[in-house]
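Computed from the coordinates by the stated procedures, all read-outs in this text should not be read as laboratory data. All values reported here derive from a predicted model rather than from experimental measurement. When we count neighbours, we look across all protein chains shown, and the Cβ atoms used for this are built from the backbone with ideal geometry, even at glycine.
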Amino acid sequence: MTALTEENDVGREMYALVEELYPICRSITGNGLRETLGIIGRRVPLEIREVPTGKAVLDWTVPREWNIQDAFIKNARGERVVDFRASNLHVVNYSIPVHERMSLEKLRPHLYSLPDRPNWIPYRTSYYEDAWGFCLTDEQLDSLPQGEYEVCIDSTLATGSLTYGEHVLPGETDDEILISTHVCHPSLCDDNLSGVAVSVSLARELARQKDRRYTMRFLYAPGTIGAITWLAENRERAKKIRHGLTLTCLGDSHPFTYKRTVGGDTAIDRAATHVLATSGVPSQIIDFFPYGYDERQYNSPGFRIAVGSLMRGRHGEFPEYHTSGDDLAFVSAARLAESFGILRDIVDVLQNDRTFENTSPFGEPQLGRRGLYRALGGTSIPGLQFAMLWVLNLSDGEHSLLDIARRAKLSFGAIRTAADLLVQHGLLVLRGP
Ligand SMILES: [Zn+2]
């Protein structure tokens with residue numbers, strides 16, 4: 001059937017994964033993270049690593065493992081007025097345990113709400129200091145009368161491990177393309193479950209393809225500390241990563257955003273900007289800045305791995321970000337499918353960007369005599385004839401297919417199809433890389 005039907009199926013598959021993962025209380029360590037990796041692992045085979053608490057990783061230390069059973073605030077009548085079972089966002093992630101009775105006045109400094117968005121619960125964390133707290137809607141907060149409350153967070157912070165998972169698809173070379181997604185946020189869909197879903201579907205799609213040039217590595221690790229731990233544990237392997245992307249916020253309805261690598265004009269930057277420019281979807285390209293997601297670890301001066309970031313809405317810049325507004329209604333199968341298409345096309349450029357040489361470079365070769373106009377008739381790719389002329393003109397051994405696509409302002413797919421036809425008809429030979 002048509003590509004559209006296929007994309008819709010992929011969209012539904014991604015949305016179903018988001019739905020399945022949504023209820024789980026994830027964090028940077030613990031059983032919610034393991035359960036999440038277990039569910040991903042039913043779709044793509046994952047190698048799971050457990051790195052023990054206390055292990056030095058680069059300039060950091062693997063933290064204690066956090067797990068939580070339950071949490072609530074009960075009023076004087078014993079009713080749960082704030083209930084972890086209703087939303088895991090109600091507990092400040094990584095809260096130390098507490099079980100006390102206290103006045104509202106004493107409880108108040110531990111309560112967080114969003115006065116500007118009175119129906120949403122904020123998402124807050126306290127990874128690196130011992131603290132506890134509850135997040136609630138501003139309406140809930142306003143409705144709490146003075147009096148005594150029973151406050152309970154049934155959590156544990158103990159020696160354990162940090163968990164991450166990887167899926168590798170071998171290529172012709174052991175040079176790698178890295179697709180990295182954080183997996184530490186609890187019930188939030190766009191950030192980060194959309195990224196997880198798009199990554200998983202890409203891995204499934206690429207597993208069905210043959211003739212991969214680069215090895216593909218899909219990493220699912222908690223934000224910041226997970227990427228730092230992976231880099232610490234894989235310093236030699238990290239040198240093999242030629243191109244990479246972090247994925248997040250890919251299920252919302254905002255235009256696409258591509259955040260450049262620190263280098264700013266590496267192959268991934270050129271591939272991503274070209275795919276977005278020729279895809280017909282609205283997009284913006286932003287420069288690198290040392291804040292955001294794990295691209296900042298990969299791009300740090302000791303590693304300088306060319307990892308950009310693909311998003312739709314920019315993290316921190318839409319109201320639903322890090323609130324309960326980032327729920328199952330905020331993301332859609334259609335937007336996930338669109339994101340999947342863009343990501344697949346970017347990876348396709350990286351995998352297939354090669355440099356050819358025109359074997360008949362003196363004047364234009366006669367295409368009709370070689371049956372090339374007839375060959376064109378059999379395809380429906382717009383601009384293919386133009387693409388062929390561009391490929392012939394610029395295939396001087398210096399320009400890669402992506403260089404040609406950029407110069408011609410044509411899709412990489414059209415340029416690549418034209419090159420394939422010219423190779424079949426003996427007018428083009430591979431020069432490298
Ligand atoms: Zn986030």
So what is the relative contact order for the chain, in percent, with contacts set as C-alpha pairs under 8 Å and at least six apart?
16 percent
What is the dipole size for the range 86-150, taken about its Cα centre, with +1 at each Lys and Arg Cβ and -1 at each Asp and Glu Cβ, in debye to the nearest 20?
100 debye
Any idea how far the Cα center of the range 289-340 sits from the one of the range 225-241, in Å?
20 Å
List every residue whose amide H lies under 5 Å from the amide H of Val82, counting only residues 5 or more places away in sequence or on a different chain, with H placed 1.01 Å from N in the peptide plane.
Ile73
Mean Cβ-within-10 Å packing, highest first, puts peptides 361-373, 224-236, 180-192 in the order 180-192, 224-236, 361-373
For the chain, with the dipole built from +1 on Lys and Arg beta-carbon atoms and -1 on Asp and Glu ones, taken about the Cα centre, which of Leu202, Ser126, Gly316 lies farthest toward the positive end?
Leu202
Projected label distance in nm at Gln366 and His425, using a 7 Å step from Cα toward the beta-carbon
1.3 nm
Using Cβ contacts closer than 10 Å as the measure, can you line up His315, His274 from fewest to most?
His315, His274
Could you rank the peptides 325-337, 56-68 by their average count of other C-beta atoms within 10 Å per residue, with the highest value first?
325-337, 56-68
For Lys106, counting only aspartates and glutamates whose alpha-carbon sits under 13 Å away and dropping same-chain residues fewer than eight positions off, the answer is Glu148, Glu150
Magnitude of the charge dipole, the chain, Cβ model with Lys/Arg +1 and Asp/Glu -1, debye to 20
1240 debye
Could you run the Karplus curve 6.51 cos²θ - 1.76 cosθ + 1.60 with θ = phi - 60° over the range 252-262 and give me ³J(HN,Hα) per residue in whole Hz, x for Gly and Pro?
8, 9, 6, x, 5, 10, 10, 9, 5, 6, 4
So, counting K/R as plus one and D/E as minus one, what does the shell of residues with Cβ under 15 Å around Ala414 add up to?
-1
Quick check: net charge around Asn31, other residues with Cβ under 15 Å of its Cβ, Lys/Arg +1 and Asp/Glu -1?
-2
Burial order of peptide ranges 150-163, 238-251 (average beta-carbon count within 10 Å, highest first)
238-251, 150-163
Would you list which aspartates and glutamates come within 17 Å of Lys210, measuring only between C-alpha atoms, while excluding same-chain residues fewer than 8 positions from it?
Glu172, Asp174, Asp175, Glu176, Asp345, Asp348, Asp353, Asp420
What is the range 6-154 by shape, rounded, prolate or oblate, if you read a ≥ b ≥ c off the alpha carbon gyration tensor as root eigenvalues and call it rounded for a/c under 1.5, prolate for a/b larger than b/c, and oblate otherwise?
oblate
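How many percent of DSSP beta bridges within the chain run antiparallel, rounded to 5?
Among the beta bridges of the chain, antiparallel pairing accounts for roughly 65 percent.
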Cleavage-rule hits, GluC sites (Glu not before Pro), the range 281-343, DSSP coil, Cβ neighbours within 10 Å at most 12:
Glu317
Percent RCO, i.e. relative contact order, over the range 152-235, from Cα pairs under 8 Å lying at least 6 residues apart:
46 percent
Relative contact order of the range 12-163 (C-alpha contacts under 8 Å, at least 6 apart) in percent is 32 percent
